[in-house]
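Each remark here refers to the structure printed beneath this line.
Just so you know, all these numbers are worked out from the coordinates, no wet-lab data involved. Keep in mind that what you see is a predicted model, and the values were worked out from it rather than measured.
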Amino acid sequence: DISLLAPLAHIFDVSADVILGIDIDSKQTQIDALYEEAYAVAASGEHVRAIALADAALTKFPSSYKLMDFYANEIWLYNDQCDEAVREMQKERALSYLERIIGECTDYEIRNNSLIMAGLWYHDLGRNVDAERIAATQEGIHFTYGELMGKITRGRRQFEYLRDETV
């Protein structure tokens, strides 16, 4: 009976998560281990394998923003090394991860990185209205609105953003 959950947690001096069999610390430890493995593989230059590891990790932990961000970053940088038959699907999946992170994630670093990648990707896909919308939300010092607008615009408009950013 769900109504007994709180009293049982109090009696045994544990959280309701423990009674329900949800071990959040263990889950995060597993996510961190999978991330570290994929990161080490990527650092060794095996990006296609790192993408596959991140993909498998996301199957196990589909709500991990950390894994989503890693996957999207690898696809952004190294999708051209993947099998041509899956490139478009991977791009769409990565972009959907970025959009999910932007809409849901509260981790500043992951969210900011995803905002940058999404802005650049929207631009590359010719979705400049979306790219500008993303640029307007830039929150951090890593990549400001002016820097992103300087990358996704051209001509006089680009010059103005870059000039204003420099000033």
Say we join alpha carbon atoms closer than 10 Å with springs in a Gaussian network model of the chain; which of 52, 118, 135 then has the biggest fluctuation?
-> 52
Output the relative contact order of the chain, whole-number percent, from Cα pairs under 8 angstrom with separation of 6+ residues.
-> 11 percent
Residue among 157, 87, 111 with the largest mean-square fluctuation in a Gaussian network model of the chain, springs linking Cα atoms under 10 Å = 157
Computed, not fitted: 222 nm per-residue ellipticity of the chain from DSSP H runs ≥ 4 (each -39500 (n - 2.57)), nearest 500, equal to -23500 deg cm²/dmol
³J(HN,Hα) across region 55-65 via Karplus (A = 6.51, B = -1.76, C = 1.60, θ = phi - 60°), whole Hz, x for Gly/Pro?
-> 4, 5, 5, 6, 5, 7, 10, x, 10, 7, 5
